[in-house]
Amino acid sequence: MTIQRAYKTELDLNNVQKTALLRHAGCARFAYNWGLARVKEQTSKPNAMSLHKELNALKPTDFPWMYGVSKCAMQEALRDLQRAFVNFFEGRAKFPTFKSKHDSIRSFRLTGTIKVEDGRVQLPRLGWLRLKERGYIPTDAHILSATISEQAGRWFVSILVKEEIAEQELVNDTLGIDLGIKVLATCSDGTVYENPKALAKHEEHLKRLQKKLSRQQKTSKRRKATKTKIARVWAKIKNIRKDGIQKATTDIVKTKRCQVVALEDLNTSGMTKNHCLAKSVLDASMRQFRTTLEYKQAWAGGEIVLVDRWFPSSKTCSDCGVVKDSLKLSERVFICEDCGSMMDRDLNAAINLKQYALA
């Protein structure tokens, strides 16, 4: 099976290289904003190639400083703009907005001649850049593009490659998975994956830093240092959350090896409207869990079955099939009044999801 996979690792840069990356990211952001302004003036659907030709014609007179960076950074930014409008017209996203110099993520994408060796990567107009991790990115794969991004003062490169993988030998079985807040996921075979609750563990630290930030002058160096500390805490929360999801989904695919995995099609955006649960729902990252499991199961040659969100998996008895009229969130043990079955609430829901997929 031929797949596209991205390998992301941190760069080990000097000050000159960091300045070059900042210049590329600034040009990419400028091209995106310039293209968005042109589309609004023309009131027509954007075309990345036509916008890039128009931008190239203006380079010698209006934007000569763009010659110091790779043309791919601006070209790929305009392609991102075109993709953003496609998502808007198809109803998957909101109307594109201008990127801020201070609040937007510093990133850009490069194509063309990209080489990877042990411990370093060569990018167009940037030359060889050292990597902090050796032997992670394959050196013999077909490279499609490289995306460079900055997070809390650290620079990362993501190499998109096309490679061949072998499908796993899967068991002809179905596994039901119930996603939750108390625990990350509960499988129908009784396996439980704990929720790291990254935000809850670092919430007090964030509160102290936010209070400190609110007292500092907006143009002071100390305020800038505090903002960097806050960004590092958020980056740590993101990494903890992602690590828990990656480990859980990998274990499900490689250890369970089930041909079919049943998941509930949760309306997470609707769940976040409940202000009592919104923070916990977002911290659990249920949508990211589903997205990660979907592509890993597809790589293994398996299938994901999405159960209708209105199916009462938590209220239904997995033994006799009787549906309860109501079930409070505080009731962690499901007790059936008809057959007398007693079971963990999440395990009961996972078994019901499995039975729904089998039916």
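The criterion of being closer than 29 Å to Phe311 by Cβ and among the β-branched types (Val, Ile, Thr) holds for Thr272. Taking first residues from the stretch 58-81 that are open to solvent by 30 Å² or more (accessible area, probe 1.4 Å) and partners that are hydroxyl-bearing (Ser, Thr, Tyr), the Cβ contacts under 9 Å between residues at least 6 apart in sequence or on separate chains come to Pro60/Tyr67; Gln75/Thr111; Asp80/Tyr32.
Taking the stretch 252-289 on its own, how many of its residues are touching an Asp or Glu at 6+ places or on another chain (Cβ under 8 Å), assigned to a helix (DSSP H, G or I) and of a type in the set (S, T, N, Q)? Spell out how you get there, then give the answer.
Quick first cut of the stretch 252-289, residues touching an Asp or Glu at 6+ places or on another chain (Cβ under 8 Å) only: 256-261, 264-265.
Retained after the next criterion (residues that are assigned to a helix (DSSP H, G or I)): 256.
Those still in the list that are of a type in the set (S, T, N, Q) too: none.
Matching residues across the stretch 252-289 total 0.
Return a yes/no flag: does the stretch 130-145 have any residue that is part of a strand (DSSP E or B), open to solvent by 40 Å² or more (accessible area, probe 1.4 Å) and within 27 Å of Lys238 (Cβ to Cβ). Yes, there is a match, as at least one residue in the stretch 130-145 is part of a strand (DSSP E or B), open to solvent by 40 Å² or more (accessible area, probe 1.4 Å) and within 27 Å of Lys238 (Cβ to Cβ).
I'd like the residue in the stretch 98-116 that is outside any loop (DSSP other than H, G, I, E, B) and in contact with a Pro (Cβ under 9 Å, 6 or more places away or on another chain) and, out of all such residues, is least open to solvent (accessible area, probe 1.4 Å).
Taking the stretch 98-116 first, the residues outside any loop (DSSP other than H, G, I, E, B) are 107-110, 115-116.
Still in the list and also in contact with a Pro (Cβ under 9 Å, 6 or more places away or on another chain): 110, 116.
Values: Leu110: 0, Val116: 16 Å².
This residue is Leu110.
When the stretch 1-29 is examined, which residues are found to be without any contact (Cβ under 8 Å) to a residue 24 or more places away in the chain and in a helix (DSSP H, G or I)? Residues satisfying the conditions are Asn15, Val16, Thr19. Those residues that are among the hydrophobic types (A, V, I, L, M, F, W, C) and either loosely packed, with under 14 Cβ neighbours inside 10 Å or under 30 Å from Ala262 (Cβ atoms) (or both), I need them from the stretch 182-213; list them, please. If the condition is that a residue be among the hydrophobic types (A, V, I, L, M, F, W, C) and either loosely packed, with under 14 Cβ neighbours inside 10 Å or under 30 Å from Ala262 (Cβ atoms) (or both), then Val183, Leu184, Ala185, Cys187, Val192, Ala198, Leu199, Ala200 are the ones that fit. Candidates Leu327, Leu306: the one that is within 28 Å of Asp251 (Cβ to Cβ) and not charged (D, E, K, R) is Leu306. Filtering the stretch 86-97 to residues that are hydrophobic (A, V, I, L, M, F, W, C), assigned to a loop (DSSP other than H, G, I, E, B) and surrounded by 12 or more Cβ atoms within 10 Å (Cβ to Cβ) leaves only Ala93.
Please go through the stretch 309-359 and pick out each residue that is in a loop (DSSP other than H, G, I, E, B) and of a type in the set (Ser, Thr, Tyr).
Narrowing the stretch 309-359 to residues in a loop (DSSP other than H, G, I, E, B): 309-315, 317-322, 324-332, 336-341, 359.
Listed by number, the residues that qualify are Ser313, Ser314, Ser318, Ser326, Ser330, Ser341.
When the stretch 214-237 is limited to residues that are under 20 Å from Ser149 (Cβ atoms) and among the hydrophobic types (A, V, I, L, M, F, W, C), the one that is surrounded by the most Cβ atoms within 10 Å (Cβ to Cβ) turns out to be Ile237.
Looking at Thr249, Thr292, can you tell me which residue is part of a helix (DSSP H, G or I), of a type in the set (Ser, Thr, Tyr), under 15 Å from Asp178 (Cβ atoms) and at pLDDT 90 or above? Full working, then the answer.
Values: Thr292 fails: under 15 Å from Asp178 (Cβ atoms).
Result of the check over Thr249, Thr292: Thr249.
With Val261, Val281 as the choices, which residue is of a type outside the set (Asp, Glu) and over 18 Å from Lys182 (Cα atoms)?
Values: Val281 fails: over 18 Å from Lys182 (Cα atoms).
Every option except Val261 fails the conditions.
The values are calculated or read from the model by the stated rules, or taken from the named source; none is laboratory data. This structure is a prediction, so every number in the text was calculated from the model and none was measured. Don't worry about glycine lacking a Cβ; one is built from the backbone with ideal geometry, like all the others, and counts go over all protein chains shown. Note: areas computed on protein heavy atoms with side chains; ligands, DNA, RNA excluded. Shrake-Rupley method; radii C 1.70, N 1.55, O 1.52, S 1.80 Å.
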